Amino acid sequence: MRSGLSTPELTLGRKLISINWLLVLLISMVAAVGFAMLYSAANGSMSPWAERQMLRFAFAVGVMIVIATVNIRIWLRYAYVLYFMALGLLVAVEVAGYVGMGAQRWLSLGFVNIQPSELMKIFLVLALARYYNASAIEDIGSITRLIVPIALITAPTILILRQPDLGTAIMVAMTGGAVLFLAGVRLWKFALVGIGALAAAPIAWQFLHGYQKKRVLTFLNPETDPLGAGYHIIQSKIALGSGGLMGKGFMLGPQSHLHFLPEMQTDFIFTMLAEEFGLVGGLALIVLYALIVTYGIIIAVKSRNQFGRLVAGGITTTFFLYVFINIAMVTGLIPVVGVPLPLVSYGGTVMLTLMIGFGLVIGVGVHRDVPVGRRGEAEGL
Amino acid sequence: MNRDPDRHKIFTRRAAMLAGGKAILLTALCGRLYYLQVVEADRYATLADENRINLRLLAPPRGRIIDRFGRPLAENQQNYRLQLVPEDVKGSEIDEVLTHVQKIVTLTESDRRRIVREVRRNRAFVPVTLKENLSWSEVARIEINAPDLPGLMIDVGRSRRYPYGPEAAHVLGYVAAVSEKDLDEDPLLKLPGFRVGRAGIEKVHDLDLRGTGGSSEVEVNAFGRMIRELSRREGQPGAEVMLTLDMGLQEYIAKRLGEESASVVVMDVRNGDVLAMVSNPSYDSNDFNRGLSSGEWQQLVNNERSPLINKSIAGVYSPGSTFKMMVLLAALEKGVISPDHKIHCSGEYELGDAKFHCWKRRGHGFVDAMEAITESCDVYFYEIAKRTGIDRIAATARKFGLDEPTGVDLPGEQGGLIPTRDWKRATRDEPWHQGETVIAGIGQGFVLLTPLQMALMTARLANGGRAITPHLTRAIGGNAGAPRQPADVQSMNIPPGHLAIVTEAMNRVVNHPTGTARRSETGIEEFPMAGKTGTVQVRRISKLEREQGVRKNEDLPWKYRDHALFVGFAPVENPRYAISVVVEHGGGGSSTAAPIARDVLVEAYNRQSAGPGLPIAYDDRPRNGNSDSATASSGEPAPTEIADRGEGGG
């Protein structure tokens, strides 16, 4: 078959050429916005944040390109291995992780501290994509065929919830759900899970930590505690609102620079951007994000193998969730759950995770014509 | 081409649905941003400004107090104080912060109570002073620990300083922290560490000295630290108050009195300027500003020489023989005696069953009016008082302003007491006894005067009987305002002849060989002093004590000894200074009080002649009033042109 013949022709040079460089450019543009905001957050200084963020990004771009050139079948082959490795790390965090910011999220590997929950966002997508790659269309409808994917999603979600990291747990669960949705699981089953989740909410409430409960309650009525838990939301809204249409100007946001805005270099960096560049700046960044998401979806749809489609679709959704949850959080649409703004917020692990993800997405695009069999063999059905 | 077209189809459909969902959510975000940044922009802009802009009240510098030569008596100096802004202490209690602060600077328990009280009283953004007068090392330690001490700041303030300390404390008074009952509409009073005048000139002219507050809009960060000033409205600094005091003379008197419990008042007889007012012992106004410990306070309160009381205006004393001028003037006016009528003094005086003694047991023999004053014969005055009657004596005393407070510009002045028949009936419901008139004739019994009243009486005798009034304020804000003594100071209508007899008699008290103060001549030919001694028994020496050998006053415990008094003026011709000296339990008027008066007046004279050497040329022009040269003693022509100008500005 023709497609079977195309594989040997995919040399490294060709792969590099077929990389979606426009997507790389968009990613770099968003990252550059991040550098500028980190520069501003430090009152016009490259240290402590902007400089390190640039170095990380440069490194991460390299990682992204390397991953993009790796044959997609290799990812399929190691999908479960990577998933269980990440799951193992999550268990290790449970056992040996250290507590930062009141939550046990980090694992020290001696030279670097990693956050296994971030890796899990990617590897869960790989594992689910492999599972559904092997499933025939008629099998997807079967209830028993849902047991494995739901177990794959539930195990890390519960482990992450125990850390406790509500934001990441929600993201992992939603990402998994998105892959199931893209694979073709019936809509009524999602509805059933949704209703079940609502029914379980009061029980889940019991398991929430005090600060998590407080955040939800504060979200419902931030003004009740203006100097305590509601402070972040109120100050963020004030900063956004006072930015107005055109903003206060680069490095001139009083709310941010007078420290009324907390954590402006991480979770609340979008607020600072919107204060300094106004509605125009905020919308521009959202448009950039929308373009990246669109490219991701196009790559997914164009892929000729189910594994690639699900990987690109799932990872793009993860990225979208980062964007949406963060901006909705800082604008007061949803409770503060501690999700950073992708590519912009200061932070190494998230940056690396995202770039690995983009590497995979671009890789799907590069290898879109590679035939992938149900068990990952070159000659599929 | 595609080996699983069904799966691909499903995926594409689902991806489109998912993309649609994402588009809806992103649109929702855009709508939310539009709502916050356009629809609600104004509201949030206002909130942002409220966040970052603090309106701060600026305390105006308190006006200085200077003496008549411009020497500062009260001024402001910089000090560093630690302040706490309660609203910036987030998430922790004030108590915790204070405990933290205590590791750096010392705070007493009462400090802590005061701080907690002030925090409760003020709004949360008003800084509360934790500690004043920080040392340099304390300032440094606080600055180093600043990141761990939210809501704390160091403020450079001004504190009141009194360069002369105790020497003018009773006149100047002091400033102290605002108390609940001081609070009125003036927002300045709510400023932490603000001081209001509590006594003396500081209290009388508090509003002038205080000025009005300015305000400054400052940008603050989330921790309440000031980032920059946005705008500033300057207040009005307090006005400078110039006093009539000559601080050099005041200092001299304080030194001259030493340990004595005494009052000295020096007044310009021409216009009522109080040149010196010393009440000894004194306190240090600086201590009050700093805040006294309860131990220090108890020490001041329990001191038997009462350093807290301004004896010059709040101490009342029997005037003793210094009152004899009033009695003589009353008798002359009623015509019960003529000046050269002689009365025999045998050393004692009988009235009914009662026997009154002259201080001179052997008696003075026959004495006329002038001799009676010169030698201070008591029997003469018993007799003329009896003839004149208490109400006529009181009427004369009233002319001299002795029946009421003089109205000097100081708080807490007492009025003394000039008894009358009506007074006794009204207050004691008893008839007046003639013996009480006799006793009043030598200034004892019910008669009570303040040292300031004694000085005023003397000044009015010396200036030809014009009703000047005493005052301490010379100018406020460089503006003397209307003359304090109108050019036509009311004459008291004392016949000049009577006054001449009294003043000549007072001259002889000092400058005649028989005078009771003959050892206290000034020794300066052109500056002789006239006066009158007085010695007032505080307690009779009892028979028992006499038998035990106590004969002399000095043998008694301090608090039972006689008061020594002297009133006088100088020079005799064309007088300028009047003085009253009261030394509590000081012994004799002639032995203790008169020499002090002499030394003080000589000092005043020397300072007057040394004029050009002083910081500001001594202003020896009468401020006003002396145009009535007919009644004033002759000599120097009265500078009427100055009187007309009213001496604006000095």
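The values are calculated or read from the model by the stated rules, or taken from the named source; none is laboratory data. None of these values were measured; they are calculated from a predicted model. In this analysis, Cβ positions are derived from the backbone assuming ideal geometry, glycine residues included, and neighbour counts consider all displayed protein chains. The protein model used for the area step is the full one, side chains on, heavy atoms only, and it has no ligands, DNA or RNA in it. Shrake-Rupley method; radii C 1.70, N 1.55, O 1.52, S 1.80 Å.
Within segment B:55-98, restricting attention to residues that are of a type in the set (Asp, Glu) and away from every other protein chain (no Cβ under 14 Å), which residue is nearest to B:Arg113 (Cα to Cα)?
As a first pass, look at segment B:55-98 and keep what is of a type in the set (Asp, Glu): B:67, B:75, B:87-88, B:93, B:95-96.
Pick out the ones that are also away from every other protein chain (no Cβ under 14 Å) and you get B:67, B:75, B:95-96.
Values: B:Asp67: 39, B:Glu75: 30, B:Asp95: 10, B:Glu96: 14 Å.
Filtering segment B:55-98 for residues that are of a type in the set (Asp, Glu) and away from every other protein chain (no Cβ under 14 Å), the one nearest to B:Arg113 (Cα to Cα) comes out as B:Asp95.
In the set B:Lys324, B:Lys355, which member is open to solvent by less than 70 Å² (accessible area, probe 1.4 Å), on the phi < 0 side of the Ramachandran plot and among the basic types (Lys, Arg)? Explain how you work it out, then say what you get.
Details: B:Lys355 fails: open to solvent by less than 70 Å² (accessible area, probe 1.4 Å).
None of the others qualify; the one that does is B:Lys324.
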Checked pairs for segment B:125-141, first assigned by TED's automatic domain parsing to the domain that holds B:Asn221 and in contact (Cβ under 8 Å) with a residue 60 or more places away in the chain, second surrounded by 17 or more Cβ atoms within 10 Å (Cβ to Cβ) and assigned to a loop (DSSP other than H, G, I, E, B), C-beta under 6 Å and 6 or more apart or across chains, list as B:Pro127/B:Val85; B:Pro127/B:Pro192; B:Val128/B:Pro192; B:Thr129/B:Pro192; B:Thr129/B:Gly193
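Restricting attention to segment A:256-276, and to residues there that are of a type in the set (D, E, K, R) and surrounded by 23 or more Cβ atoms within 10 Å (Cβ to Cβ), which single residue is nearest to the other protein chains (Cβ to nearest Cβ)?
Residues of segment A:256-276 that are of a type in the set (D, E, K, R), as a first pass: A:263, A:267, A:275-276.
Narrowing the set further to residues that are surrounded by 23 or more Cβ atoms within 10 Å (Cβ to Cβ) leaves A:267, A:275-276.
Numbers: A:Asp267: 16, A:Glu275: 9, A:Glu276: 12 Å.
It comes out as A:Glu275.
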The correct count of residues that are part of a loop (DSSP other than H, G, I, E, B), open to solvent by less than 10 Å² (accessible area, probe 1.4 Å) and at pLDDT 90 or above in segment B:464-486 is 4
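Give the residue that is surrounded by the most Cβ atoms within 10 Å (Cβ to Cβ), with candidates limited to residues of segment A:331-341 that are facing chain B (nearest Cβ under 10 Å) and not hydroxyl-bearing (Ser, Thr, Tyr).
Our first condition is that a residue be facing chain B (nearest Cβ under 10 Å); within segment A:331-341, this holds for A:331-333.
Subset that is not hydroxyl-bearing (Ser, Thr, Tyr): A:332-333.
Numbers: A:Gly332: 18, A:Leu333: 16.
Within segment A:331-341, the match that is surrounded by the most Cβ atoms within 10 Å (Cβ to Cβ) is A:Gly332.
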Only one of B:Pro595, B:Pro528 is open to solvent by less than 40 Å² (accessible area, probe 1.4 Å), at pLDDT 90 or above and part of a loop (DSSP other than H, G, I, E, B), namely B:Pro528
For segment B:430-467 the number of residues that are more than 28 Å from the chain's Cα centre (by Cα) and over 21 Å from B:Asp391 (Cβ atoms) is 1
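Grab the helices (runs of 4 or more DSSP H) fully contained in segment A:47-142, keeping just those with 3 or more residues being modelled with pLDDT under 90.
Working: elements: A:50-69, A:72-96, A:116-133, A:137-140.
The helices (runs of 4 or more DSSP H) meeting that bar are A:72-96, A:116-133, A:137-140.
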When restricted to B:Thr212, B:Thr244, the only residue among the hydroxyl-bearing types (Ser, Thr, Tyr), open to solvent by 50 Å² or more (accessible area, probe 1.4 Å) and farther than 22 Å from B:Asp284 by Cβ is B:Thr212
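For segment B:241-249, does any single residue satisfy the condition of being over 28 Å from B:Asp599 (Cβ atoms) and within 17 Å of the chain's Cα centre (by Cα)?
Going residue by residue through segment B:241-249, those that are over 28 Å from B:Asp599 (Cβ atoms) are B:241.
Now drop any that are not within 17 Å of the chain's Cα centre (by Cα), which leaves B:241.
Yes, segment B:241-249 has at least one match.
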The residue from B:Arg387, B:Arg466, B:Arg460, B:Arg425 that alone is under 30 Å from B:Arg71 (Cα atoms) and not β-branched (Val, Ile, Thr) is B:Arg460
The helices (runs of 4 or more DSSP H) lying wholly within segment A:152-254 that contain at least 2 residues that are open to solvent by less than 10 Å² (accessible area, probe 1.4 Å) and either modelled with pLDDT of 85 or more or within 14 Å of chain B (Cβ to nearest Cβ) (or both) are A:166-183, A:231-243
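Considering segment A:298-310 alone, what residues qualify as being in contact with a Phe, Trp or Tyr (Cβ under 7 Å, 6 or more places away or on another chain) and either more than 7 Å from chain B (Cβ to nearest Cβ) or among the polar types (S, T, N, Q) (or both)?
Quick first cut of segment A:298-310, residues in contact with a Phe, Trp or Tyr (Cβ under 7 Å, 6 or more places away or on another chain) only: A:306, A:309-310.
Passing the criteria: A:Gln306, A:Leu310.
Tell me, yes or no, whether segment B:144-167 has at least one residue that is without any contact (Cβ under 8 Å) to a residue 12 or more places away in the chain, exposed (fewer than 15 other Cβ atoms within 10 Å of the Cβ) and of a type in the set (A, V, I, L, M).
There is at least one residue in segment B:144-167 that is without any contact (Cβ under 8 Å) to a residue 12 or more places away in the chain, exposed (fewer than 15 other Cβ atoms within 10 Å of the Cβ) and of a type in the set (A, V, I, L, M).
B:Gly213: touching a strand residue (DSSP E or B) at 6+ places or on another chain (Cβ under 7 Å) and closer than 19 Å to B:Gly477 by Cα, yes or no?
Numbers: touching a strand residue (DSSP E or B) at 6+ places or on another chain (Cβ under 7 Å): yes; closer than 19 Å to B:Gly477 by Cα: yes.
So B:Gly213 passes the test.
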When segment B:228-257 is checked residue by residue, the ones that are without any contact (Cβ under 8 Å) to a residue 60 or more places away in the chain and within 14 Å of chain A (Cβ to nearest Cβ) are B:Arg228
For segment B:109-123, pairs from a residue that is outside any helix (DSSP H, G or I) to a residue that is open to solvent by 60 Å² or more (accessible area, probe 1.4 Å), with Cβ under 8 Å and 6 or more apart or across chains, are B:Asn122/B:Lys190
Taking segment B:9-38 and the residues there that are open to solvent by 60 Å² or more (accessible area, probe 1.4 Å) and within 9 Å of chain A (Cβ to nearest Cβ), the one that is nearest to A:Asn326 (Cα to Cα) would be B:Leu25
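Just give me the residues in segment B:398-420 being outside any loop (DSSP other than H, G, I, E, B) and touching a Gly at 6+ places or on another chain (Cβ under 9 Å), in sequence order.
Once the filter is applied, which keeps residues that are outside any loop (DSSP other than H, G, I, E, B) and touching a Gly at 6+ places or on another chain (Cβ under 9 Å), segment B:398-420 yields only B:Lys399.
Residues to consider are A:Tyr346, A:Tyr295; find the one that is in contact (Cβ under 8 Å) with a residue 40 or more places away in the chain, more than 11 Å from chain B (Cβ to nearest Cβ) and assigned to a helix (DSSP H, G or I). Break it down into steps so the answer makes sense when it comes.
On the way: A:Tyr346 fails: assigned to a helix (DSSP H, G or I).
Only one candidate qualifies: A:Tyr295.
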* Based on what the data block shows, is B:Val85 aliphatic (A, V, I, L, M), open to solvent by less than 30 Å² (accessible area, probe 1.4 Å) and in contact (Cβ under 8 Å) with a residue 60 or more places away in the chain? -> yes
Subset of segment B:555-591, residues in a helix (DSSP H, G or I) and open to solvent by less than 10 Å² (accessible area, probe 1.4 Å), comes to B:Gly589
